[in-house]
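The block underneath contains the structure these notes are about, expressed in C-alpha cells.
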Amino acid sequence: MVEENMGACWSQTKDQFDNLEKHTQWGIEFVERYTKFVKERSEIEISYAKQIRNLSKKYQPKKNSKEEEEFKYTSCRSFLTTLNELNDYAGQHEVIAENLTSQIISELSRYIQELKQERKSHFHDGRKAQQHIENSWKQLESSKRRFERDCKEADRAQQYFEKMDADINVTKADVEKARQQAQLRHQMAADSKAEYSAYLQKFNQEQNEHYYTLIPHIFQRIQEMEERRIERVGESMKTFAEVDRQVLPIVGKCLDGMTKAAESIEPKTDSKQVVEAFKSGFEPPGDVEFEDYSQAMKRTVSESSLSNTRADGRPEKPTSKTKGKLWPFIKKNKLSLKLITLNAQVRNLIEGSGPEDFSHLPPEQRRKKLQAKIDDINKDIQKEMDQKDALTKMKDVYIKNPQMGDPASVDPRLAEIAQNIEKLRVEAQKFEGWLAEVEGRLPVKSDPPRRQSSMYDTQNSTPVNNNCAQDRESSPDGSYTEEQSSETQIKVPNPEFDDEFDDEEPLPTIGTCKALYPFEGHNEGTIAVAEGEMLYVIEEDKGDGWTRVRRNEEEEGYVPTSYVEVYLDTNAKGAMTYI
C-alpha cells in the first residue's frame, strides 16, 4: 500500500514538472512575442517620422523660386514655422524609435538568451534528480522482488525438508541434504531481506531529500526565474510608456511653436505688403465730364461716332483722317485700357519680364526694382572687393616668402577682379541714373548738338528734344516702353486732350521732327512711323510723353516723344515747351 502511494506521488510530481517545463517555455515565447511587438512599433515610428519629414520637405519653399518670395507674408512665414516644427516633431518620433530599440528590444533580446540558458540549467538539474530517484526506485523494486523470490524458495525448501524428514523410507543422507538446502534458502532469504531493507532505507532517504530538498530547490529557482521574467516584462512595458513620456515636453514645445506661429499671423500687415508690392504711384483719373447732346450746337465726338458735326447738326466732311481718329484714351476706352494696363503690370511683375530698366512697371514698382538691383550689384561689388583683398594679402605673403608661391601668379586674377569691379560699378551707375530719374532727382538733360540740314536751315528751326536710346527705353515716369507690346503702360493725358479732336479746322504746323526709331502705332490715335522719316509737328509734348504729328493732310496722330527729334518753329503760334 505504501509502495503504491509512493508510485502515485512520483507520477503526479513528474506530471507537474512537465507542466512547469511547458509553462516556462511559454514564458520565453511571450517575451519574444512582446519584443517583436516593440520592434514593429519602432519600425512604425521610423516610417512615420520619415513620412512627416518628407511632407515637411515637400512644402518647404524652393530656393530662388516664386514660393520663396511669398514667405514675406506673415501667414506664409507662419506656415514655414509650422513646417520646421513638424520636422522637429518627426525627430521626436525618431527618438522614440531609437529608445525603444536601445532600452527594450536590445535588452530583451539579450535577456531572452540568458533566460533560455538559465531555464535549460534548471530543468537539466530537475531531470538529473528525476533520473536518480527513478534509478533508486528500480533498485528498490529489484531487491524487493529478489527478497520475495528468496522467501518463497526458502519456504519450499523448508516444506521439502519436513516432508523428507517424516518419510521413513528416505535415507538419513537425503534428509540431511534437504535440511542443508532449507538452511541455505533461509540464509539467502535473510540476506535478500537485509539487502531489501537497506535499499528501502536508502530510497526513503533519497526520496525524502528529492521531494523536500532537491525538487523544492529546483522549483524555487524556476519560480524565481519566472518572477524575474515577469518583472522584466513589466519594466519593459513601463519603459515603453516612459519612452513616449520623455518626448512629450519637446513635442509640446513643437505644438506650442505651431500655435505661436499661427497667432503671429497679421492680416493687416500682409495686406499692407500687398499694397506696397503692387502700388503703382499713378494719380487716380479725374472726373468724367458731362457731355450734353440735347442742344443743337457744336458737339464733341460721341462715344458711338467717329465723325465730327457742324453747329447746325449736319455732318461735316473731314478734311483729314484726324477728324475721324480716336485718341488712345477717349472716354469710351479709358476703363478698358486701364484694366489692360493693370493686367500687363501684374503679369510683368509675376513673370519678371520687361526691359532692363524696368520701364514697363509703374513708377513706385520701378523704383523698388531699381533699388533692389542696385543693392544686388553693390553686394557683388563687395564680394569682388573681398576677393581682391584676400588675393592682395596672398600676394604679399608670396613676396615675403617666395618659397610659398609666385607673386606673379596672382596678377591675372587681380586684373580680372578689377575688370569685374569696374563693370559692376558702371552697371550700378546706370541703374542709379534710372533710379534718379524715377525719383526726380536728376536735372533736365542738356540738348545734344543739333543735326543740321538744309531743310532745318530754311525753316529756321531749333531742336528742343533729342532723347537717346536709353531715354527711349525708360521715360522718367516709367509710363511706356518699346512699341512691341500693345498693353504697355502709358500715362493718361490731361482731360482736355479728349476735346482737341473736336476742332473743325486742322491744327497749324508748329515745327518738324525726325523719327529716331521705328514705331508701329498699334493703339488708336497713334500713327506708325519709320526710322529717319520726317514729319510735321502740330502739337508738342504737354508732359504726357506724346507728341502729335502729321504726315500729310490725310494722316496724323501721336508718337512717343522719345522716339523723335523735334525742331520747333519759334515763330509758330502755340510753340512752347512743356518739358
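The values are calculated or read from the model by the stated rules, or taken from the named source; none is laboratory data. What you see is a predicted model, and the numbers here were worked out from it, not measured in a lab. Don't worry about glycine lacking a Cβ; one is built from the backbone with ideal geometry, like all the others, and counts go over all protein chains shown. Heavy atoms of the whole protein, side chains included, go into the accessibility calculation; ligands, DNA and RNA do not. Shrake-Rupley method; radii C 1.70, N 1.55, O 1.52, S 1.80 Å.
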With x for Gly and Pro, the residue-by-residue ³J(HN,Hα) of region 224-240, computed from phi through the Karplus equation 6.51 cos²θ - 1.76 cosθ + 1.60 at θ = phi - 60° and given in whole Hz, is 4, 4, 5, 5, 5, 4, 5, 5, 5, 5, x, 5, 5, 5, 5, 4, 4
Near PRO249, within a Cβ-to-Cβ distance under 15 Å, what is the net charge of the other residues, with Lys and Arg +1 and Asp and Glu -1? -3
Residue-wise, which Karplus ³J(HN,Hα) couplings in Hz belong to region 74-81, taking 6.51 cos²θ - 1.76 cosθ + 1.60, θ = phi - 60°, and x for glycine or proline? 5, 5, 5, 5, 4, 5, 5, 4
Long-range amide H contacts for GLY511: which residues qualify at under 5 Å (H placed 1.01 Å from N, peptide plane, sequence gap of 5 or more or a different chain)? VAL537, ASP569
Show me, for region 530-538, the HN-Hα J-couplings you get by feeding each phi into the Karplus relation (A = 6.51, B = -1.76, C = 1.60, θ = phi - 60°), rounded to Hz, glycine and proline as x. 9, 4, x, 6, 9, 9, 9, 8, 10
Using heavy-atom solvent-accessible surface (probe 1.4 Å) with all chains present, what is the largest-first order of SER42, SER197, SER294? SER294, SER197, SER42
Non-local amide H neighbours of GLY545 (under 5 Å, H modeled in plane, Pro and chain starts lacking H): which ones? none
Over region 113-256, with every protein chain in place, what whole percent of the accessible area is carbon and sulfur at 1.4 Å, could you tell me? 51 percent
Surface accessible to a 1.4 Å probe, per residue, for the residues of region 14-146, Å²: 61 Å²
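For MET385 and LYS57, calculate 0.36 nm times their separation in residues minus their Cα-Cα distance, and state this gained length in nm to one decimal.
Extra length available between MET385 and LYS57 comes to 114.4 nm.
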What pairs in LYS72/LYS423; LYS58/LYS383; LYS272/LYS430; LYS62/LYS253; LYS369/LYS430 have C-alpha atoms more than 22 Å from each other? LYS72/LYS423; LYS58/LYS383; LYS272/LYS430; LYS62/LYS253
Measuring with a 1.4 Å probe in the full set of protein chains, what accessible area per residue, in whole Å², belongs to region 359-409? 61 Å²
Work through the residues other than GLU364 whose Cβ is under 9 Å from its Cβ and net out their charges, Lys, Arg +1 and Asp, Glu -1. +3
proj_area_mean for region 16-70 (convex hull on C-alpha atoms), units nm², value 4.1 nm²
How much of the calculated P(r) for region 95-228 lies past 27 Å, in percent of all Cα pairs? 56 percent
